[in-house]
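The values are calculated or read from the model by the stated rules, or taken from the named source; none is laboratory data. Note that this is a predicted model, so its numbers are computed, not measured. Ideal geometry is used to build each Cβ from the backbone, glycine not excepted, and the neighbour counts take in all protein chains shown. Heavy atoms of the whole protein, side chains included, go into the accessibility calculation; ligands, DNA and RNA do not. Shrake-Rupley method; radii C 1.70, N 1.55, O 1.52, S 1.80 Å.
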Amino acid sequence: MDLAFFFIQLLNGLQYGLLLFLVSSGLTLVFGIMGIINLAHGSFYMVGAYLAWSLAGMTGNLATAIAIAIPLTVVLGMGLERLLFRHLYTRDHLYQVLLTYGLILVFEELRSIIWGDDVHGVAVPALLNASIPLTENLSYPVYRLAISGVCLLLAFALYVLIQKTRLGMMIRAGASNRDMVQSLGIDIKLIYTLVFALGVALAAFAGMINAPLSSVTPGMGGHVLIICFVVVVIGGIGSVKGAMAASLMIGLAETFGQVLVPEVAGMIVYVLMAIVLVWRPEGLFGRK
């Protein structure tokens, strides 16, 4: 492996890791703050990808499609929280698993009815449809760099929101003691609605911006869901910082694994999870 090829794989691993963080951060927030085991989180990623494909076809512009689709996913998240998830906060996790698994089936059936069962592709925006030459034979797509930049900006915005704002303080307080927050006059139900809608929007947005890089296919949220739960376990439940660290670890491990040892690349992520759990059962940044 020469230096240029190594550099390309490094960029690919970082880009994949950052995209994975975008999806898993929403699951981390919902799981860590609201205590909801959301098996349907991968379906939101799938919905985002299909919305990007259909709206880009109508408008002829991916950026316009994303601008239209994001408010739709926020409304979807708020509606699901108010109608379904709000009734599960004090119930056993089994009810959450059953509901969210049912939602996977519902979303898959709706996807089949609305968009069909064919495989689709989304064109890279013309403005970003270029490559940066690294050597005479190797270059790197500008669109992948743009995705990495967007993910970094959103990660920073998420950090500021949670750690530096009044809303973030209320979110962290609600995660620690829901009843105490309510007794202080804070509308914890509204806080939870906003957190869930944010989680849905982040997952859907990741599906939108990744649509030009991968095919838009039925069941595409399944693999993403599994990897996201691995991220949550490795990083620590409820830790956004842990989600970032775990996502980058997994992105690099999976990318270089597919290049160096493709015959066992599929199990590298789970071996990594096992090693972390033996070393730190609470995850890298989990609560002790």
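What is the distance, in nm, between label points placed 7 Å from the Cα along the Cα-to-Cβ direction at residue 278 and at residue 135?
3.7
Heavy-atom accessible area of residue 187 with all protein chains present, probe 1.4 Å, nearest 10 Å²?
Surface open to solvent at residue 187 totals about 90 Å².
I need the peptides 57-67, 6-16, 77-87, 203-213 ranked by packing, meaning the mean over residues of other C-beta atoms within 10 angstrom, with the highest value on top.
203-213, 6-16, 77-87, 57-67
Give me, ordered by chain and number, the residues 5 or more places off residue 121 or on other chains with an amide H under 5 Å from its own placed amide H.
216
Determine the equivalent ellipsoid of the chain by diagonalising the alpha-carbon gyration tensor, then write out the semi-axes as square roots of 5 times the eigenvalues, largest first, rounded to whole Å.
31, 24, 18
How would you rank 163-171, 136-144, highest first, on the average number of other Cβ atoms within 10 Å across their residues?
Highest-to-lowest ranking by the protection proxy: 136-144, 163-171.
Quick one: with all protein chains in place, what share of the accessible area of the chain is carbon or sulfur, to the nearest percent (1.4 Å probe)?
Its accessible area is 68 percent carbon and sulfur atoms.
With a cut-off of at most 15 other beta carbons within 10 Å, and DSSP calling the residue loop, which trypsin sites (Lys or Arg not before Pro) in segment 169-260 qualify? Please list them.
none
Taking Cα pairs under 8 Å and at least six residues apart, what relative contact order does segment 2-133 come out at, in percent?
29
If you keep only loop residues by DSSP, which GluC sites (Glu not before Pro) in segment 195-283 have at most 15 other Cβ atoms within 10 Å of their Cβ?
Here the GluC sites (Glu not before Pro) that fit, given the DSSP loop and packing criteria, are 282.
Looking at segment 38-170, I'd like the Rg to Rh ratio, where Rg is from alpha-carbon atoms and Rh is Kirkwood's inverse mean 1/r.
Radius of gyration over Kirkwood radius for segment 38-170 works out to 1.05.
Let me check I've understood the local charge: for residue 191, count other residues with C-beta under 14 angstrom from its C-beta, Lys and Arg +1, Asp and Glu -1. What total comes out?
+3
Classify segment 95-199: rounded, prolate or oblate, from the alpha-carbon gyration tensor (a ≥ b ≥ c, eigenvalue square roots; a/c under 1.5 rounded; otherwise prolate if a/b is larger than b/c)?
It is oblate, given that a/c is not under 1.5 and a/b is not larger than b/c.
Within segment 128-163, what residues put their amide N at less than 11 Å from the label point 7 Å along the Cα-to-Cβ vector of residue 63?
Of the residues in segment 128-163, 128 have backbone N under 11 Å from the label point off residue 63.
Would you compute, from DSSP H runs of 4+ residues alone, the mean residue ellipticity of the chain at 222 nm, taking -39500 (n - 2.57) per run and dividing by the full residue count, rounded to the nearest 500?
About -24000 deg cm²/dmol.
Using only protein heavy atoms and a 1.4 Å probe, report how much of residue 70 is accessible, in Å² to the nearest 10.
It works out to around 60 Å².
Does segment 179-253 come out rounded, prolate or oblate by the C-alpha gyration tensor, with a ≥ b ≥ c the root eigenvalues, rounded set by a/c under 1.5 and, if not, prolate when a/b is larger than b/c and oblate if not?
Since a/c reaches 1.5 but b/c is at least a/b, the shape of segment 179-253 is classed as oblate.
Once a ≥ b ≥ c are taken as the square roots of the eigenvalues of the Cα gyration tensor of segment 212-288, is the result rounded (a/c under 1.5), prolate (a/b larger than b/c) or oblate (a/b not larger than b/c)?
Oblate is the answer for segment 212-288, as a/c is 1.5 or above yet b/c matches or exceeds a/b.
Any chance you could check the Cα centroid distance between segment 212-237 and segment 58-133 for me, in angstrom?
Comparing the Cα centres of segment 212-237 and segment 58-133, I get a distance of 13 Å.
Non-local amide H neighbours of residue 139 (under 5 Å, H modeled in plane, Pro and chain starts lacking H): which ones?
Under 5 Å from the amide H of residue 139: 134.
Charges only on Cβ, +1 for Lys and Arg, -1 for Asp and Glu: so what's the dipole of segment 9-133 about the Cα centre, in debye to the nearest 20?
Dipole size: approximately 300 debye.
Which distance in nm do the two modelled labels at residue 173 and residue 75 give, with both placed 7 Å along the Cα-to-Cβ direction?
Here the modelled spin labels are 3.2 nm apart.
Using alpha-carbon pairs under 8 Å, 6+ residues apart, how would you state the relative contact order of the chain in percent?
For the chain, the relative contact order is 37 percent.
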